[in-house]
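Beneath this line is the structure, given in structure tokens, with notes to follow.
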Amino acid sequence: MPLLLKKIAIIARFTLLEALRTRLPWIALTMAGILFVASLFVQHIAIAETTRMQSGFLAASLRLLTVFVLSLHVAASMVREFNDKGVELLLALDLPRAGYYLGRFAGFAAIAGALALLAGAVMLIVIQSSAVAWWTISLALELLLVAALALFCVITFVQIMPAISFVLAFYLLARAISAVRLLSQSPLLSPSEWSTRAIAWLVDALAWLLPDLSRFTLTTWLVDDTPGLRTLAFLAMQSLLYSALLVCAGLYDLYRKSL
Amino acid sequence: MSLAPQRPVSAVPRLVRVLVFVLLASQVALTALQPRPRARAEELSAPPPLPVLRCLSGGDAVPLAQAMTLYLQAFDNQPGISIPFAQLDYGTVTAWLKRILDLDPRTQYPLLMASQLYAQVPDEAKQRQMLAFVYDQFLVDPDRRWQWLAHAAILAKHRLHDLPLALEYANALAQKANGPGVPHWVQQMHIFLHEDLGEYQTARELLGGLLSSDVVKDPHEIRLLIERLEHLKDAENSSSTSGN
């Protein structure tokens, strides 16, 4: 293994070790357990389609939980390292900034995978079907993108509050952008008006810059139809492309930082 | 946020700078190559129950009602479908509209959608369903929702050619919508519908009662109604003459 790759692997390993020592697995496990109990309650109060109701609630809430936990963990971990001057210490060694950044990203990506596996395991308790595998893969791809986004934000903003606010706003907008596009082009809105056209154009431009997260990790895959390979291939391409873009944007920012 | 001075752009490796632009262009290309999102009529599912919506709203129901309105509206917006409203399940649409009104009783938007959009489809059963919805909701708050039932009465008369239905709505308007903001013509609608039905005597009695009630104060309006009363008397006389 080339020396740089070895250094990246070491940083990734320490990122994972940090997650273990900050009790991330226990936090995630506890919250997943609470959501599972809540899903049992939903199943109990539903008068029809009880399993469908339970799995729908559990899938949607696990998705949000993992996104929330991962983005908070990434932000908290990086801010702690900035505050402890750990970044300066590491970069004072024979390690390029890209090596440090990629190592951290690799570690967070592994945590994203582990969180997706945990969510998939909890889902398996409710639904014993191959659809859970597709759902888990999609969640892992979504979390990979969220990890890259959170890392980029914390490198740019350095503080938790603005970084997390940006991550959540970005995530919500990326999930809603398809619906927003539909709303912006309603024929009821008088298409001849310049303001209607300008807003539709602006929303289109925004949609081109954002990943369409409304196509990721759908509950309908679990309760209705399993997605095809083509769907997953698109999701993989979108996730990898956007994560790479965010990593490069984060690297750009890190290289410009005067530490 | 960091206010520390930044290093020059030249500090960033050329590969990173190139990759940022290449990947950004790839992202734009990937999204632009995807088909535009398109709503389909069959995708509109029943709205969640009211207690669930109240729970989701976190105590602030108006923004949720507004979001639901816009969501429902997105299903009307279906490029490539010539008559989108007609393809919707009107039972579901009515449930959505009712839920929105339950969350935000002061909004007029769902009633506008019901009477001006969904009631325009070339399907009589669906038109009647929407008019019935407007009527039911008018009864909940007549002084604030009278204009939608007035529109429904006009639709019933001119579009459905159902004068008894129009008269039922106009009677409800005359009896229930009596608030200070309701114009007088709303209370007069049923009189002219009686006239259209050939019930001249009823129309004359109602108009006479309206004039003597001192509700109408504008001299121009009073003169117009007196002329109308005379016209009704003539029509009643000529109809009784032709009857003989």
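Within the stretch B:138-165, if we keep just the residues that are under 20 Å from B:His184 (Cα atoms) and open to solvent by 50 Å² or more (accessible area, probe 1.4 Å), the residue that is nearest to the chain's Cα centre (by Cα) turns out to be B:Gln147.
Scoring A:Leu144 on the criteria (1) over 19 Å from A:Ala19 (Cβ atoms); (2) at pLDDT 95 or above leaves a single failure, condition (1).
Just to be sure before I move on: is B:Met189 among the hydrophobic types (A, V, I, L, M, F, W, C), under 20 Å from the mean Cα position of the chain (by Cα) and more than 26 Å from B:Asp102 (Cβ to Cβ) in the structure I sent? Taking the combined requirement at face value, the residue satisfies it. Figure legend. Inter-residue proximity from the stretch A:217-241: first residues surrounded by 14 or more Cβ atoms within 10 Å (Cβ to Cβ), second residues in a loop (DSSP other than H, G, I, E, B), beta-carbon distance below 7 Å, spacing 6+ or different chains. Indicated pairs: A:Trp221/A:Pro227; A:Leu222/A:Ile127; A:Thr226/A:Ser130; A:Leu235/A:Phe216; A:Gln238/A:Pro211.
Looking across the stretch B:91-113, the residues that are within 14 Å of another protein chain (Cβ to nearest Cβ) and of a type in the set (A, V, I, L, M) come down to B:Leu112, B:Met113. Within the stretch B:15-37, can one find any residue that is open to solvent by less than 30 Å² (accessible area, probe 1.4 Å), under 22 Å from B:Asp136 (Cβ atoms) and at pLDDT 85 or above? No, that holds for no residue.
Does the stretch A:59-74 contain any residue that is buried (at least 19 other Cβ atoms within 10 Å of the Cβ), of a type in the set (S, T, N, Q), under 16 Å from A:Leu29 (Cα atoms) and modelled with pLDDT under 95? Looking through the stretch A:59-74, at least one residue is buried (at least 19 other Cβ atoms within 10 Å of the Cβ), of a type in the set (S, T, N, Q), under 16 Å from A:Leu29 (Cα atoms) and modelled with pLDDT under 95. With respect to (1) part of a helix (DSSP H, G or I); (2) farther than 30 Å from A:Gln54 by Cα; (3) within 11 Å of another protein chain (Cβ to nearest Cβ), the lone exception for A:Leu259 is condition (1).
Residues in the stretch B:168-179 that are assigned to a helix (DSSP H, G or I) and crowded, with 22+ Cβ neighbours inside 10 Å: 3 in all. When each of A:Ile45, A:Ile27, A:Ile111, A:Ile11 is tested for being within 30 Å of A:Leu213 (Cα to Cα) and open to solvent by 50 Å² or more (accessible area, probe 1.4 Å), the lone residue that passes is A:Ile27. Residues that are in a helix (DSSP H, G or I) and open to solvent by less than 80 Å² (accessible area, probe 1.4 Å) within the stretch A:82-102 comprise A:Phe82, A:Gly86, A:Val87, A:Glu88, A:Leu90, A:Leu91, A:Arg97, A:Ala98, A:Gly99, A:Tyr100, A:Tyr101, A:Leu102, listed in sequence order. Taking the conditions exactly as written (open to solvent by 70 Å² or more (accessible area, probe 1.4 Å) and modelled with pLDDT of 95 or more), does A:Phe166 satisfy them or not? Yes: the conditions hold for A:Phe166.
The values are calculated or read from the model by the stated rules, or taken from the named source; none is laboratory data. This structure is a prediction, so every number in the text was calculated from the model and none was measured. Cβ: placed from backbone, ideal geometry, glycine included. Neighbour counts: every protein chain shown. For the accessible areas, the whole protein counts, side chains as well, though only heavy atoms, and no ligand, DNA or RNA atoms are used. Shrake-Rupley method; radii C 1.70, N 1.55, O 1.52, S 1.80 Å.
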